[in-house]
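Data block below; observations after.
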Amino acid sequence: MIPTTKQELQKFGTRVVKLARINLGASKMIDGKKRVTNSSGALSSSLGFSLKQKRSSGGKYASGFDLEFTSSVDYADFLEQGVKGSESTKTSAKKSPYKFKGKNLPKGVMMKWIETKPIRLRELGTGKFKKSPKEAKEELAFVLGRAVATKGIGARNYFKDAIEKAIPTDGTDVALAMANDFIKQIIKEIKLN
């Protein structure tokens with residue numbers, strides 16, 4: 001028996017989320033540099049999707065479904081589409097609707113990211129580890145925040161790439177299920193008349 005459109009879309013949504021999580025953890029070339037996006041794992045664990053049946057303007061169920069890919073972290077869309085810098089823009093983020101307005105990120109944003117990394121800073125001339133790592137990390141946070149705000153964030157396209165990869169394998173199943181549901185609906189309407 002051929003599954004329903006809803007069942008196939010559920011399967012498709014699950015596959016896209018799985019592929020998006022793989023994309024976040026994989027090393028990928030972004031604007032000429034190799035990047036791994038999944039720093040803390042919070043973004044990949046927050047990914048999901050919602051599947052809702054469409055409704056008419058009167059609130060009754062209509063034919064069709066809305067499939068939306070979601071994330072519970074507020075920065076997910078910035079990484080998906082990229083962010084234009086205040087002075088220059090990364091190539092992959094040129095079509096992004098987002099743009100940094102200032103020349104630096106809000107205080108504390110980069111510090112959170114730095115804390116997730118095993119960074120030990122060294123003195124410039126001697127190569128010895130810095131005696132005050134907190135002060136050195138604050139300086140690093142300022143410099144990195146300024147670089148991100150002025151140059152922007154390259155688009156990671158983790159969902160877009162996952163959808164493009166899932167369509168050739170699962171798209172046919174969704175189309176068959178839609179055709180089958182359509183035929184069932186026509187037969188049902190013919191029997192009513």
List every residue pair whose Cβ atoms lie under 6 Å apart, where the two residues are 6 or more positions apart in sequence or sit on different chains, the first residue falls within the range 123-145 and is closer than 12 Å to M111 by Cβ and part of a helix (DSSP H, G or I), and the second residue, located anywhere, is modelled with pLDDT of 85 or more and of a type in the set (A, V, I, L, M).
A141/M110; A141/M111; L144/M110; G145/L105; G145/M110
Within the range 85-102, residues in contact with a Ser or Thr (Cβ under 6 Å, 6 or more places away or on another chain) and open to solvent by 60 Å² or more (accessible area, probe 1.4 Å) come out as E87
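Quick one: which residue in S63, S50, S57, S44 is without any contact (Cβ under 8 Å) to a residue 40 or more places away in the chain, of a type in the set (S, T, Y) and open to solvent by 80 Å² or more (accessible area, probe 1.4 Å)? First the steps, then the outcome.
On the way: S63 fails: without any contact (Cβ under 8 Å) to a residue 40 or more places away in the chain; S50 fails: open to solvent by 80 Å² or more (accessible area, probe 1.4 Å); S44 fails: open to solvent by 80 Å² or more (accessible area, probe 1.4 Å).
Exactly one of S63, S50, S57, S44 is without any contact (Cβ under 8 Å) to a residue 40 or more places away in the chain, of a type in the set (S, T, Y) and open to solvent by 80 Å² or more (accessible area, probe 1.4 Å), namely S57.
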Which of (1) more than 30 Å from L19 (Cα to Cα); (2) touching a Ser or Thr at 6+ places or on another chain (Cβ under 6 Å) is the odd one out, the single condition S56 does not satisfy?
(2)
Exception for T4 within (1) open to solvent by less than 30 Å² (accessible area, probe 1.4 Å); (2) farther than 17 Å from L79 by Cα; (3) of a type outside the set (K, R) falls at (1)
If I ask for residues that are closer than 22 Å to A26 by Cα, of a type outside the set (D, E) and not in a loop (DSSP other than H, G, I, E, B), which ones from the range 151-183 would you list?
G152, I153, Y158, F159, K160, A162, I163, K165, A166, I167, P168, T169
How do the pairs read when you match residues in the range 71-97 that are in contact (Cβ under 8 Å) with a residue 60 or more places away in the chain and farther than 10 Å from G152 by Cβ with residues anywhere that are of a type in the set (K, R) and open to solvent by 90 Å² or more (accessible area, probe 1.4 Å), using Cβ under 9 Å and keeping only pairs 6 or more apart or on different chains?
E80/K160; Q81/K95; Q81/K160
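Which one is nearest to D74 (Cα to Cα) among residues in the range 103-122 that are hydrophobic (A, V, I, L, M, F, W, C), open to solvent by less than 90 Å² (accessible area, probe 1.4 Å) and in contact (Cβ under 8 Å) with a residue 24 or more places away in the chain?
If we filter the range 103-122 for residues that are hydrophobic (A, V, I, L, M, F, W, C), which is where we start, we get 105, 109-111, 113-114, 119, 121.
Within this subset, residues satisfying the condition of being open to solvent by less than 90 Å² (accessible area, probe 1.4 Å) are 105, 109-111, 114, 119, 121.
Checking which are in contact (Cβ under 8 Å) with a residue 24 or more places away in the chain leaves us with 105, 109-111, 114.
Working: L105: 15, V109: 13, M110: 15, M111: 17, I114: 19 Å.
Ranking the candidates gives V109 first.
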Do we have any residue at all in the range 10-19 that's in contact with a strand residue (DSSP E or B) (Cβ under 8 Å, 6 or more places away or on another chain), at pLDDT 85 or above, over 18 Å from G171 (Cβ atoms) and open to solvent by less than 40 Å² (accessible area, probe 1.4 Å)?
no
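The values are calculated or read from the model by the stated rules, or taken from the named source; none is laboratory data. Since the model is a prediction, treat every value here as computed from it, not as a measurement. Here the Cβ is made from the backbone with ideal geometry for all residues, glycine too, and neighbour counts use every protein chain on show. With ligands, DNA and RNA removed, areas are computed over all heavy atoms of the protein, side chains included. Shrake-Rupley method; radii C 1.70, N 1.55, O 1.52, S 1.80 Å.
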